[in-house]
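In what follows, a single structure is set out as C-alpha cells and then discussed.
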Amino acid sequence: MIGPRFLLHVLALVASVELLKGDKPNIIIILADDMGYSDIGCYGSEIETPHLDRLSRDGVRFTQFYNAARCCPSRASILTGLYPHQAGMGEMTLDFGVPAYRGKILNHATTIAEVLSGGGYETFMVGKWHLGEDREVWPDRYGFDRYYSFLQGASNYFNLKPWNSGGQAMRIVEAGRDIEAGSGFYMTDAFTDKAVEFIEERNSDQPFFMYLAYTAPHWPLHALPEDIAKYKGRYLEGWDEIRKNRFARMQEMGIIRKDFELPSRNREVGPWSSVEEADREEWDTKMAIYAAMIDRMDQGIGLVLEALEGQGALERTVIFFLADNGGCHEELPWGSITAPLDGEPGSENTFMSYDRPWANVSNTPFDWYKSYNHEGGIATPLVAFGPCIVDADTKGSIESKRLGHIVDLLPTCLDLAELRYPVRIGEREITPTPGRSLMPSLKGREENPHEALYWEHMTSRAIRSGDWKLVANGKAEWVEGEPIWELYHLKDDPFERRNLAGNYPERVMAMTKQYNDWAEETGVLAPLEFFELRKVAKDNLNAAH
C-alpha cells in the first residue's frame, strides 16, 4: 500500500520538475584523490592551480570541512549523504557479510544522481568509481545516465595493465563495455576529455549533475614530462622550508589564524638537514612529479570551465572541489609490484610514491595521514563556486566557523535543485541523511547544524562535538582490546598537539558514550571483531579466486 509520505515525495518531485523548466543550476562535484589540505594554491601551496584559485576568488573556501579518511568510504558518503557504514562501505570493497561492511552501496541508500535524475537532471559520472567492480554496482545502477568510470582504486596512468603478479587488468567502463587505453593515453587527461565531451553533448534544455573524480595525485607518481619539468628543482630546499612557506601563506590568506605557530613535523619524519646530499635530487623529483599531477588536474578543470563558458553555462553552474582523504604516507614499490620499474621517474615504467615526509607537507599544518582520523587524514579543502549562489558579500570569502562533512553535499545538491530527500523510492525505504545543506553558509548566514560528527575507519575512530574532538589512532597504542582515546580542544589546538584526555576524564567518558551510541546505531564493529571478520572475508575472497 502506498503511504501518504510517499505520495508527498512524488508530488514534490513533480513540482520540482516543473520548476526545472526555469533556471535550475548545473552542479559539478570534483574530487581529488589522496590530496592533502594545503596542496592547492588557494590553500597555501606553491603548486600552480590557477583554475582552482579562480574558483576560490569567485566562491567560498571552507576551513573546517571533513571527509571520511579513505577513498571508498569517502566516495560512498559523498554520493549517498550517509556515513560510510550506513551506506554499506565501512571498510573498503571487501564484503564482511554484515550490513555496514558489504563493500558496496546498499539498497536503503540513494545517491545524488538518483534523486536529481528523478528531478529532471541529466547525470554524468567520470573518473574513479571504486565502489565495486561487479556489473550490478556500476554507476548506471545508481542513477547516472552516462559514465566513463575507472572501477578500481589505483592504476598506471599510462596504461591499464596489471601491476602485480597474477593481478587483474585495470578497467575503465563506458556504456556497459570496457574501454581500451590506446596510444598517448594519460588517465587524468582521459577523464578531462570525457567530462568535456559529456558537457558538449548534453541536452541543453536540462540542467546536469556531474561527479568528476580524478585519480590524481594518488600513487603511482606518473606525470607528463613537460609538467614535471616545471617543478624540477623547486623542492631541493626540502620539506621543512616548503612546509614553513605553506604555513605562512595560509596565515596570510586567513586559512590559519596568525597567532598560531607552525607545529613540528610528524614524529616519523626527520629533518631535511639529515638527508644526504646524494639523495636530495631523488626527493626533489618525487615531489616535482606529485606537483605535476595536481597541476595537470587543474589544467583539466580549466578545460571543463572553458567548455561551460563556451555554452554560456558557467554562470548557472555550481562547482564543489574537495579531496577524499589527506596526503598519503604509503611507500612504494611494495614487494607485490611486478610492473616494469626501469624507466625515468614519472614515466610508464615506474611505480613509486612520495612517502611520509612529503605527505606531511601536503597535510600542512595537520598531523598524520590518509586513513587516520586525526586532522591530517580527514581535513579537506572545500572550494564552493557558483555565481548563482555566491553573492557579493560572500564572494572570495573564507568560511572558518561552519563545521562541515561530506554527508552535507547531497542535501546541498538537493537544496540547489529544490528537491526533497526521499523517504522511499519504489519499494526501498531510504535511510535518513545526517547531512545538512551548506546553502546558509554560502549565503553568509552563521550556522553550525551538526551536534556532532563521527568517524571510524579500520579501528581508527573519532567524534567532534563543537570545539572538542575525541580521537583514537587504531595503528598506535591499545589497552584492553581498544585503541586509546585522545582529547583535543580544536579552537585552541587545531593541530592536535596537546592531549587533554587526562585533564578532562568526565568529558572523555561522555564523548565516548556518545560515540559508542552512534557506532551501535550505524553498525560499526568493535575493533577485535573487525579484524576477525576482515580475516574471514579475505580468506573467503582468496578461496573464491
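List the residues, sorted by chain then number, that are 5 or more residues from residue 428 or on another chain and whose placed amide H is less than 5 Å from its amide H.
Answer set, sorted by chain and number: none.
Please report the spacing between the Cα centers of region 171-228 and region 241-265 in Å, no decimals.
The two parts, judged by their Cα centres, are 34 Å apart.
Could you give the distance between the Cα centres of region 134-167 and region 480-544, to the whole Å?
31 Å
Can you pull out the GluC sites (Glu not before Pro) in region 436-545 that DSSP calls coil and that have at most 16 other Cβ atoms within 10 Å? Walk me through the numbers on the way to the answer.
Details: sites: 446, 447, 451, 456, 477, 480, 486, 496, 506, 520, 521, 529, 532; in loops: 446, 447, 451, 477, 480, 496.
Filter output for region 436-545: 446, 447, 451, 477, 480.
Residue by residue through region 137-148, what is 3J(HN,Hα) from phi via Karplus (6.51 cos²θ - 1.76 cosθ + 1.60, θ = phi - 60°)? Round to whole Hz and write x for glycine and proline.
10, 6, x, 5, 7, 10, x, 8, 6, 10, 8, 9
As an exercise, take the mean of 1/r over every pair of distinct alpha carbons in region 312-422, invert it, and state the Kirkwood radius in angstroms. Numbers along the way, then the final one.
Values: mean 1/r = 0.0575 Å⁻¹.
This gives a value of 17.4 Å.
If you rank 74, 274 by how much accessible surface each has, with a 1.4 Å probe, what is the order from largest down?
Details: 74 0, 274 75 Å².
If we order 74, 274 from most to least accessible, we get 274, 74.
Mind checking which of 207, 231, 188 is farthest towards the positive end of region 186-273's charge dipole, using Cβ charges of +1 (Lys, Arg) and -1 (Asp, Glu) about the Cα centre?
231
Gap in Å between the Cα centre of region 441-474 and the Cα centre of region 298-345?
First find each Cα centre; the distance between them is then 27 Å.
With only alpha-carbon atoms in the gyration tensor, what are the semi-axes of the equivalent ellipsoid for region 368-520, in Å, largest first? Mind dumping the intermediate values first?
Working: eigenvalues 193, 87, 35 Å².
Over the Cα atoms of region 368-520, the semi-axes work out to 31, 21, 13 Å.
Are there trypsin sites (Lys or Arg not before Pro) in region 454-512 that DSSP puts in a loop and that have at most 13 other Cβ atoms within 10 Å, and which ones?
Counting only loop positions with at most 13 other Cβ atoms within 10 Å, the trypsin sites (Lys or Arg not before Pro) in region 454-512 are 475, 491, 497, 498.
Given contacts defined as C-alpha pairs under 8 Å and at least six residues apart, what's the relative contact order of region 136-215, whole-number percent?
Working: 71 pairs, mean separation 20.3, N = 80.
Relative contact order comes out at 25 percent.
Where does the charge balance sit around residue 111 when Lys and Arg score +1, Asp and Glu -1, over other residues with C-beta under 13 Å from its C-beta? List each step's numbers first, then the result.
Values: positive: 75, 104, 141, 428; negative: 114, 140, 145.
Local charge sum for residue 111: +1.
Using the Kirkwood formula over every pair of different C-alpha atoms, what hydrodynamic radius in Å results for region 132-272? It would help to have the intermediate numbers written out before the result.
Working: mean 1/r = 0.0526 Å⁻¹.
By the Kirkwood definition, the hydrodynamic radius is 19.0 Å.
Any idea what the dipole of the chain comes to, in debye rounded to 20, about its Cα centre with Lys/Arg Cβ at +1 and Asp/Glu Cβ at -1?
Details: 57 positive and 83 negative charges, 225 e Å.
Approximately 1080 debye in magnitude.
The values are calculated or read from the model by the stated rules, or taken from the named source; none is laboratory data. Note that the coordinates shown come from a computational prediction; the quantities given were computed from them, not determined experimentally. FYI the Cβ positions are ideal-geometry reconstructions off the backbone, even for glycines, and counts take in every protein chain you see. Ligands, DNA and RNA are excluded from the accessible area calculation, which covers all protein heavy atoms including side chains. Shrake-Rupley method; radii C 1.70, N 1.55, O 1.52, S 1.80 Å.
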